[in-house]
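Novice: Could you have a look at this structure, given as structure tokens, before my questions?
The values are calculated or read from the model by the stated rules, or taken from the named source; none is laboratory data. Computed from a prediction, not measured in an experiment: that's the story for all the values here. Virtual Cβ from ideal backbone geometry, glycine too; neighbours counted across all protein chains shown. To get the accessible areas, we keep the full protein, side chains included, count just its heavy atoms, and leave off ligands, DNA and RNA. Shrake-Rupley method; radii C 1.70, N 1.55, O 1.52, S 1.80 Å.
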Amino acid sequence: MKFIRDTTICIFAYERDNNLLNILADLKKNKNYKKYSYHFFIDFPKNKKDKKKYLSILGIINEFRVNLKVKIISRKKNIGLSKNIIYGINSIVKNYKKFIVLEDDLRLSSHYLDFIQSALNKYEKNNNIFTVTGYM
């Protein structure tokens, strides 16, 4: 299997374990999902009662990661969504030309990865295009 080396998928998750299950199930419906590397950015819970969801999210990712290239960045304290995304993307741009950013509450079609990868490849050298989106 050819691995897509210059594109990674970044998933930002916090507390919504059912949503994370849904987006990972959607990713698995994409025929090329195993060709990507994955970076999960998990924010720490704000309080002790949310720790159960945090641990659930880590367990879901560990089940998903079998036979995949996965890196989990788990925050040691709660930094909030915007900082988690900013820090995450800043760390990714150092190693990847292209990346796909997903939040845990999105739903994806079974052709999402092909569509986005095709658009990323098509516009890679076009300096007038900064981002592509799969929103409909």
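Novice: Using a 1.4 Å probe on the protein chains only, how many percent of the accessible area of the chain belongs to carbon and sulfur?
Specialist: 52 percent
Novice: Filter the cross-link list 34/76; 69/125; 29/94; 35/122; 34/77 down to pairs whose alpha-carbon distance in this structure exceeds 21 Å.
Specialist: 34/76; 69/125; 29/94; 34/77
Novice: Would you list the P(r) distribution for the chain, with all Cα-Cα distances sorted into 10 Å bins from 0 and each bin expressed as a whole %?
Specialist: Calculated over all Cα pairs of the chain, the distribution is 11, 43, 35, 10, 1 percent.
Novice: Then there's this: What longest region of the chain stays clear of trypsin sites (Lys or Arg not before Pro) that DSSP places outside H, G, I, E and B and that have at most 16 other Cβ atoms within 10 Å?
Specialist: Between the exposed loop sites, the longest stretch runs 47-64.
Novice: Could you work out the longest stretch of the chain that avoids the chymotrypsin sites (Phe, Trp or Tyr not before Pro) located in DSSP loops with at most 11 other Cβ atoms within 10 Å?
Specialist: Between exposed loop sites, the widest span is 4-129.
Novice: Can you give the calculated 222 nm mean residue ellipticity of the chain, where each DSSP H run of n ≥ 4 adds -39,500 (n - 2.57) and the sum is split over every residue, rounded to the nearest 500 deg cm²/dmol?
Specialist: -11000 deg cm²/dmol
Novice: Something else: Amide H of residue 71: which non-local residues (sequence gap of 5 or more, or other chain) have their own amide H closer than 5 Å, using H built in the peptide plane?
Specialist: Hits under the 5 Å cutoff: 38, 39, 40.
Novice: When the chain is treated as a GNM, springs tying every alpha-carbon pair under 10 Å, which of 95, 84, 67 comes out with the largest mean-square fluctuation?
Specialist: Its mean-square fluctuation being the largest, the pick is 67.
Novice: Rounded to whole Hz and in sequence order, give me ³J(HN,Hα) for segment 100-112 from the Karplus expression 6.51 cos²θ - 1.76 cosθ + 1.60, θ = phi - 60°, writing x for Gly and Pro.
Specialist: Once rounded to whole Hz, the list reads 10, 9, 10, 9, 5, 9, 7, 10, 10, 7, 6, 10, 4.
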